[in-house]
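To keep things clear, I will list the structure first and then write my remarks on it.
The values are calculated or read from the model by the stated rules, or taken from the named source; none is laboratory data. Note that the structure is predicted; figures quoted are calculated from it, not measured. Neighbour counts are summed over all protein chains in view; Cβ atoms, including those assigned to glycine, are modelled from backbone coordinates with ideal geometry. Remember, those area values only see protein heavy atoms, side chains included, never the ligands or the DNA or RNA. Shrake-Rupley method; radii C 1.70, N 1.55, O 1.52, S 1.80 Å.
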Amino acid sequence: MNYDDFADLYDHQYDIYRDDLHFYAGVAERVGGPVLEVGAGTGRVTAFLARRGVRVVGLEPSARMIERGRARAAEGGLSLDFVQGEAGSFTLEERFPLVIAPFNSLMHLYTPNEQLAALENLRAHLLPGGAFVFDLYVPRFGETNTVRHEGETFHGPDGSRTDVFLVQRHDRPRQHITTEYFADTTGPEGQLRRRHYTLTQRYYTRYEVEWLLRHAGFEPPRVSGSFQGGPLEEGSEVMVFQTRRGEEKGAG
């Protein structure tokens with residue numbers, strides 16, 4: 001996924017998503033910071049935590065997303081610290097008491113090698129006993145191979161209207177869900193412009209994630225099915241994981 005191209009639509013779609021904000025703010029405030037945020041995007045969570053007085057370093061691979069995030073910060077009178085890099089290969093000198101990966105950030109790791117490399121690298125950037133907290137959506141999808149409009153309509157100041165349609169394709173053997181977005185903008189004079197974006201995510205099952213965490217050197221996680229802390233159940237929409245950096249192998 002080239003998020004440089006996707007950044008504008010991403011902001012329109014997700015800027016109003018607030019389900020996770022108070023959860024991550026609570027975790028960060030208990031720790032006191034600094035916090036490393038993985039997959040910071042355009043700074044939706046980053047800015048919210050910064051307004052609460054938490055120092056956050058936002059890791060994000062897309063230069064365009066970081067540009068949008070800095071513009072967001074300037075509009076809000078904030079100074080946000082972004083670092084461009086990939087979860088599996090970035091290197092910082094600083095070590096953190098808390099790493100967070102909100103809003104499905106780990107779903108951009110497509111193979112076991114990529115997943116373990118990222119988790120081991122995140123663990124290496126945690127202080128001893130530091131916490132790692134993240135969420136993933138429960139893999140439950142709408143009708144595939146069908147064009148859908150799920151109520152996403154945006155109105156521009158020039159009188160234009162943008163409707164977002166999508167088609168999803170499911171690759172079960174690889175646990176990939178690919179979403180093609182069609183953003184159709186109708187101008188004031190009736191002219192139509194279409195933009196097309198493709199997003200592929202690698203989804204997880206609960207026990208797969210638990211095994212990956214253990215293999216990467218984390219403690220057994222606490223798993224909940226909501227940001228309010230309820231159990232993971234059949235109807236849950238998210239899986240929320242809270243774990244800590246385990247002891248070094250061989251440490252007694």
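Per residue, the chain exposes an accessible area of 50 Å² to a 1.4 Å probe, with every protein chain left in place.
Loop exposure criterion: chymotrypsin sites (Phe, Trp or Tyr not before Pro), DSSP state outside H, G, I, E and B, at most 14 other Cβ atoms within 10 Å. Applied to the chain, the longest stretch between such sites is 142-252. Calculated on the alpha-carbon coordinates, the convex hull of the chain measures out at 135 cubic angstrom per residue.
Restricted to Cα atoms, region 134-252 shows a radius of gyration and a Dmax of 20.1, 72 angstrom. What longest range of the chain stays clear of loop-exposed GluC sites (Glu not before Pro) (DSSP non-H/G/I/E/B, at most 12 other C-beta within 10 angstrom)? By the stated rule (loop sites, at most 12 other Cβ atoms within 10 Å), 1-92. The relative contact order of region 60-115 comes to 31 percent, based on Cα pairs under 8 Å that sit 6 or more residues apart.
The Cβ shell under 11 Å around GLY26 holds other residues with a net charge of 0, Lys and Arg each +1, Asp and Glu each -1. The candidates THR200, THR243, arranged from most to least accessible area with a 1.4 Å probe in the full protein assembly, appear as THR200, THR243.
Rounded, prolate or oblate: which fits region 194-249 when a ≥ b ≥ c are the square roots of the eigenvalues of the alpha-carbon gyration tensor, with rounded for a/c under 1.5 and prolate only if a/b beats b/c? Oblate shape, in that a/c is at least 1.5 and b/c is the bigger or equal ratio.
Ligands, DNA and RNA left out, the accessible area of the chain computed with a 1.4 Å probe is 48% carbon and sulfur. Working note: Debye formula, equal point scatterers on the alpha-carbon atoms of region 177-226, no solvent; log10 I(q)/I(0) at q = 0.15, 0.16, 0.30 Å⁻¹ is -0.63, -0.66, -1.06. For region 106-156, the Kirkwood hydrodynamic radius from C-alpha pairs, put into Stokes-Einstein at 37 °C and a viscosity of 0.692 mPa s, yields a diffusion coefficient of 221 µm² per second. Selection among HIS196, ALA28, ALA74 by position relative to the dipole of the chain gives ALA28 as farthest towards the positive end (Cβ unit charges, Cα centre).
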